[in-house]
1. So which pairs qualify, if the first residue must be in region 49-61 and under 10 Å from Thr71 (Cα atoms), the second must be part of a helix (DSSP H, G or I) and modelled with pLDDT of 95 or more, the Cβ gap must be under 6 Å, and the two must be at least 6 apart or on different chains?
2. Of all residues in region 13-42, which are part of a strand (DSSP E or B) and open to solvent by 10 Å² or more (accessible area, probe 1.4 Å)?
3. Looking at Ala181, Ala170, Ala162, Ala134, which is the one that is of a type in the set (A, V, I, L, M) and in contact (Cβ under 8 Å) with a residue 40 or more places away in the chain?
Amino acid sequence: MAVEPMGPVVVGVDGSYSALRAVDLAAEEAAARLTPLVVVHVQNQPEDGEEILDIAAARALAEHAGLAVSTVAVVGDPAHALLARSRDAYLLVLGHRRDPRFPALPAGPVTARVVNEAVCPVMVHRPVDPERTAPSPRPVLVGVDDYPRAEPVVGFAFEQAALRGAPVLALHVRPWKEPEAGEMLHEAVSAWTGKYPDVPVHLSLRYGRLAVPTLATASLDAQLVVVGSTRHGAPGPFGRGLVTHAMVDLAGCPVAAVPLP
């Protein structure tokens, strides 16, 4: 049976510190999958950005010498250019915002639009607090919406956990207690445990009307949080744009937004 080649990991850079941290994250993702890294800089003038691209490529190769790295300079609208790249990419990686002194401020408009509209998963770098006492290894946290709608989100979380040698913490929030909630959560996870038998799994069922604080608190002890992203405003506690963008702005670790049908 033929295996389709995996698309590249694409990272957008703008010369900021946040973008350089995104390069580190993107290089790790590309190296783990043995797929190329494409560094994209969207500029105002054709001659702008060569130094930005050179620095980003050198940074990626410094930690991953065998990685296939290419650079692309594009003139035009940054969000439009990155969204076009998402059609052929496996993963798109971005920084949260230009100024790391204000991590609690909302993500910039380019990041927000790309998270909302990208065809492939989008990973946004957010720093992990190294001084916080957390389990080792930190889990990959996944916000589980109603199954089977959550299947691509849970699947991406299991893949990440397998690559990182980490457990999965599957979290589901309901406004009130319902007998089928635990069964749904178990079913959503069991669909992937057979494919990833070596990944430890922990289930967490919480009750409350606000999913964001619950997920944000849990993310403080995680190494990655995975949520769903929908362009159609479909309902669900982890598929709504509100929750997705709140995690991009509040999570205590990098955030992956996986497109939902």
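The values are calculated or read from the model by the stated rules, or taken from the named source; none is laboratory data. Since the structure is predicted, the reported quantities are computational estimates derived from the model, not experimental observations. Backbone-built Cβ (ideal geometry, glycine too); neighbour counts: all protein chains shown. To get the accessible areas, we keep the full protein, side chains included, count just its heavy atoms, and leave off ligands, DNA and RNA. Shrake-Rupley method; radii C 1.70, N 1.55, O 1.52, S 1.80 Å.
1. Close Cβ pairs satisfying both conditions: Ala56/Val23.
2. Filtering region 13-42 down to residues part of a strand (DSSP E or B) leaves 37-42.
Across region 13-42, the qualifying residues are Val38, His41, Val42.
3. Values: Ala181 fails: in contact (Cβ under 8 Å) with a residue 40 or more places away in the chain; Ala170 fails: in contact (Cβ under 8 Å) with a residue 40 or more places away in the chain; Ala162 fails: in contact (Cβ under 8 Å) with a residue 40 or more places away in the chain.
Among Ala181, Ala170, Ala162, Ala134, only Ala134 is of a type in the set (A, V, I, L, M) and in contact (Cβ under 8 Å) with a residue 40 or more places away in the chain.
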